[in-house]
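Structure record follows, encoded as structure tokens.
The values are calculated or read from the model by the stated rules, or taken from the named source; none is laboratory data. As the structure is a computational prediction, the values presented were derived from the model and not from experiment. No Cβ is skipped: glycine too gets one built from the backbone with ideal geometry, and neighbour counts run over all protein chains shown.
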């Protein structure tokens, strides 16, 4: 038996709620044969349900990542930096770090960590600190750090994953992504 993915469970639950608002009888779900992921019976009719994800990709140097992948990588990087700072006894306050994808992060990491540790040492005995840049990219991307208060010892991150887009750009990219994903599903 095929294991149900989280996104399939979410889609099934969301579609059940949607249908419950419109039809008096609840849908009857059956496992699919990949494809489809599920079969749903409603009002004497049977429909195939195929769940898919559409994710925008980001170009980061020479690699391409999904937004989810970039988010996870950045979160991991911040967690590692925080762990090293704690181990070194440098985290003496609540700090906000803003991060973004860095091309060839492994090469940039030692410099980012050195600048972070220098900032943590400089702000260890003050209640708040000025924002400081830890890294600056060619296209305006930045990593910054700022001490906000000294009531706790934590590092909280925020992220910028991509540039702003016009509504028309988003719609056009969505059409292209959906078209490609449906073509892949049709081959199954």
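Any residue at all in segment 122-136 that is farther than 20 Å from residue 90 by Cα and either in contact (Cβ under 8 Å) with a residue 60 or more places away in the chain or surrounded by 15 or more Cβ atoms within 10 Å (Cβ to Cβ) (or both)? Break it down into steps so the answer makes sense when it comes.
Within segment 122-136, the first condition is being farther than 20 Å from residue 90 by Cα, and the residues that meet it are 136.
When the remaining residues are screened for being either in contact (Cβ under 8 Å) with a residue 60 or more places away in the chain or surrounded by 15 or more Cβ atoms within 10 Å (Cβ to Cβ) (or both), the result is none.
No: segment 122-136 contains no residue that is farther than 20 Å from residue 90 by Cα and either in contact (Cβ under 8 Å) with a residue 60 or more places away in the chain or surrounded by 15 or more Cβ atoms within 10 Å (Cβ to Cβ) (or both).
When you look at residue 75, is it surrounded by fewer than 18 Cβ atoms within 10 Å (Cβ to Cβ), under 21 Å from residue 161 (Cβ atoms) and under 27 Å from the mean Cα position of the chain (by Cα), yes or no?
On the way: surrounded by fewer than 18 Cβ atoms within 10 Å (Cβ to Cβ): yes; under 21 Å from residue 161 (Cβ atoms): yes; under 27 Å from the mean Cα position of the chain (by Cα): yes.
Answer is yes for this residue.
Taking interchain pairs and intrachain pairs at least six residues apart, which have beta carbon atoms under 8 angstrom, with the first residue in segment 53-80 and modelled with pLDDT of 85 or more and the second part of a helix (DSSP H, G or I) and surrounded by 12 or more Cβ atoms within 10 Å (Cβ to Cβ)?
Qualifying pairs under 8 Å: 73/105; 77/105; 77/109.
Considering only residues that are surrounded by 15 or more Cβ atoms within 10 Å (Cβ to Cβ) and either under 25 Å from the mean Cα position of the chain (by Cα) or not assigned by TED's automatic domain parsing to the domain that holds residue 67 (or both), which ones fall in segment 138-152? Spell out the reasoning first.
First pass over segment 138-152, keeping only residues surrounded by 15 or more Cβ atoms within 10 Å (Cβ to Cβ): 141, 143-148, 150.
The answer is 141, 143, 144, 145, 146, 147, 148.
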